[in-house]
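No value in this document is a laboratory result; all are computed from the given coordinates. If you're wondering where the values come from, they're calculated on a predicted model, not measured in any experiment. Note that we place each Cβ from the backbone using ideal geometry, even for glycine, and neighbour counts take in every protein chain shown.
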Amino acid sequence: MSALTPFPALAPVARLSERVADALSAEIKSSRFRPGDKLPTEPELAEQFSVSRTVVREAMSRLKSLGLVESRQGSGVYVLEATIAPLSFDASYAVSKEAVVQMVEVRRALEAEVAGLAALRRSAADLRNIRQAIVSLDKAVESGGDGVQEDVTFHRAIADAARNPFLLSTLQYLSRFLHGATRVTRANEARRGDFAREVKQEHQAILAAIESKDPTAARAAAFDHMNNAIRRIEEADPAFWRQEGAVLARVLMSGLTPDATPPSSNKG
């Protein structure tokens, strides 16, 4: 490989580690770094990008997760042969109302089939878990909580009842992103009493179909639930997207607590 050409310093607009990873990924895909090439050392990359070594380490972890590089003990980081790219998302895109809607569309495709399979395969224990999840969700909302974790638990209980390890693995991979989307939809629904009542009724409809072992009704109920979640996002008060929704959408991909505390909202 030729002598290292300086990389441009990065402005701190997005997560620096993601931007470093994206820059290196582009260099690898353009064949500037070829399979078998050794990447510059951590200190060299930190200097070239004008970032900390911690940022470089995080970027390397991302490149490894994408199957682009590997670490060799005591030797360094090397470029791997190109393979089929694993599923990944552009974190810089998921900062908008449109991204939240699109993530709910992903949920719609998955949750409908999960509910249908759960209706066919659920056990008595599965039903108890789903019912308990609804009870916990209702209690969380009544006590003033957002119900995000309880909502996630409800849908996970249905997924467990589906008895499909591939679907479970897919949902587990997506959980980081879906949790963020759920945080946004729950915050929106908490602002209006009619929204909150709709969600409760939709959950009960899914449960009833699974109890009845009716896969067609379960798929329809779960599909309608996600469709209605999209409608509720579209009908949200514009102020929600200027305040709370905007803060939550900015961290959609991280699954972390927002840096800023959004204005409080009335939960009807």
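Could you list T41, T185, T170, T216 so that the one with the fewest beta carbons within 10 Å of its beta carbon is first and the one with the most is last?
Lowest count first: T216, T41, T170, T185.
Which value in nm describes the separation of the simple spin-label points at E44 and Q204, placed 7 Å from the Cα toward the beta carbon?
About 6.6 nm separates the two model spin labels.
Alpha carbons only, please: Rg and Dmax for the range 97-250, in angstrom.
Calculated on Cα positions, Rg and Dmax stand at 14.7, 45 Å.
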